[in-house]
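Read the structure below first, then the notes.
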Amino acid sequence: MRVSAELRATAMVASFPLLGAALVSFYALTGWRSSMSASHFLAFCGFGVLCFLPLFRAFLATGVDILEPVFWISGLYFLYFGVDSIQYAGHAQVVKSLVLAASGVAAFQVGYYLVTRRTSYYRAFERNAAPGIGKAWIVYLVGLAATVISIGTGNFFGQYKNTNTFLAAYLGGFTALRFIGFILVPSSAIDRKSLRRAALLAMLLLIPEILIVVLTTSKQLMVYPLLGLIMMRHYLARRVRLVSFAALALILTPVFSLLYAIRSVWYFYVPSQSVSFSDLGLFLREIPGQVLALDASAWTSFADNSLRRFHGTFSLLKILDAAGEAPSGYGVYHGISYLLSILMPRFLQPDKPDANYQVFFGHNFAGVPSNLDVMIPPTHMGVFYLDYGMAGIVLGQLLFGVGVAAVYVLFRRFFQSGCKWVLALYAYVFVEMLKIETNPFELLSAGLKMLPLLALVFCFMRSRRSSGVVAARQAAPALFRVVPADGLLTASKGTSFHDC
């Protein structure tokens, strides 16, 4: 039985005092009361409500697109600045950090809904095979070749020893083609009768992905294919439920722990060795036994690192503790001027700084020893505040929200016009938009540099034959559109599909 929008709204409003009472009881009856001030607790609760406001808003509608980026980014803000603030209870400026973060989240959501206006409802593609699976394989193999060459330049086991600066500078974008091709190949094989062929291709392509993740110990490279599989199912088959993301989190925690173990063992096993392909045999012979020999305390530490990697409050508190005083040498990393510098080709500006803001931040704000190149994420909001103060947070986050919404709306229009393969490009951009821990100017620079390559893939894959999108025309409430409960929309009579 479908629950009416009015009943859901009533239930949501009624749940707020109950949730508030439960949180207050938890605060009063646990160790939070002795470790967390009342002002910190109230700021934490208010910040949580703000971060989940888009989900509360979506709760009033049915058939919501759960992969709309505002839900994910707002949820990440809660992890990075809300949950992370708990371990810094008692810090003199923790409440201020939550107020700053809340200002940034509010600005982000305002910017987002200035473009989208309303929560988007779910759409699914028809299951008719798209042309160009041969082209999809070309995209994937080019990306795979670029990845192998990148590993050969020294990107082994988390120890990047750059042996070819020129190749390293220009391979990044081409390695992204591997992930784009990872989605293009299976999605191009989907037909009306069965998903089996696409599923088998996806499982086949997972084999090199897993090998690359082990060789590089890159946690991010594990997220790409898993999230890509979820997005393919969501937009090409049937709507993915929230429980699937809970399952993804359960899978990633032990996987991340294993990657931490491999990287840590390698650091201590060959701490001074130059990493190269010749070390692969040593890795295969020695590292598995060393990892299996780790005791329970080591595995507990690795699991803890996996669960507590969202350090937004940590970075923001380090900036607040600096009292607005930037260290010497920070000028080359400041704001818009840094963006313009990293966009400039090195042959035109040979002395431009390397894009290593996170290493500089670790050395000068987080207390990392100068002999260790440890990357500490400054977060978008941390950089905006450090460079331009409160105005920087509000304006920067507002523009970020506008940009995220514009990307989402653009790709939904392609979905509606029948360009099924554009999902692969969107999936790549979607993951990039989730990187709220990075310097926003570096992220923008990387995005602008990727645009020509993404446009090239777009033109390469473009076809006059439409894949078709299932669309619906139904009556909707004043503020929200309603779709069938199963989330699979059916084309209304007379609906036409345009060529891409």
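The values are calculated or read from the model by the stated rules, or taken from the named source; none is laboratory data. Keep in mind the model is a prediction, meaning the values are calculated, not measured. Virtual Cβ from ideal backbone geometry, glycine too; neighbours counted across all protein chains shown. The area values use the complete protein model at the heavy-atom level, side chains included, leaving out ligands, DNA and RNA. Shrake-Rupley method; radii C 1.70, N 1.55, O 1.52, S 1.80 Å.
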Inset, instruction - Please work out if Phe384 is of a type outside the set (D, E, K, R), surrounded by 17 or more Cβ atoms within 10 Å (Cβ to Cβ), within 22 Å of Ser103 (Cβ to Cβ) and touching a residue at least 60 places away in the same chain (Cβ under 8 Å). - result: yes
Inset, instruction - For the stretch 82-97, state whether one or more residues are closer than 28 Å to Arg241 by Cα, open to solvent by 20 Å² or more (accessible area, probe 1.4 Å) and modelled with pLDDT of 80 or more. - result: yes
Inset, instruction - Take Pro350 and decide whether it is touching an Asp or Glu at 6+ places or on another chain (Cβ under 9 Å) and either within 30 Å of Tyr426 (Cβ to Cβ) or open to solvent by 60 Å² or more (accessible area, probe 1.4 Å) (or both). - result: no
Inset, instruction - Using the structure shown, decide if Val115 is in contact with a Phe, Trp or Tyr (Cβ under 8 Å, 6 or more places away or on another chain) and at pLDDT 80 or above. - result: no
Inset, instruction - Mind listing just one residue for me: the one in the stretch 53-77 that is at pLDDT below 90 and open to solvent by 30 Å² or more (accessible area, probe 1.4 Å) and, of those, nearest to Gln397 (Cα to Cα)? - result: Leu53
Legend entry - Matching residues, the stretch 129-158, being open to solvent by less than 20 Å² (accessible area, probe 1.4 Å) and either modelled with pLDDT under 60 or not β-branched (Val, Ile, Thr) (or both): Ala130, Ala136, Tyr140, Gly143, Ala146, Gly154, Phe156, Phe157
Inset, instruction - Please go through the stretch 63-100 and pick out each residue that is under 27 Å from Tyr428 (Cα atoms) and of a type in the set (S, T, N, Q). - result: Ser74
Inset, instruction - Report yes if Phe174 is among the hydrophobic types (A, V, I, L, M, F, W, C), open to solvent by 30 Å² or more (accessible area, probe 1.4 Å), at pLDDT 80 or above and within 21 Å of the chain's Cα centre (by Cα), otherwise no. - result: yes
Legend entry - Matching entry among Phe361, Phe384, Phe347 (being among the aromatic types (Phe, Trp, Tyr) and in a loop (DSSP other than H, G, I, E, B)): Phe347
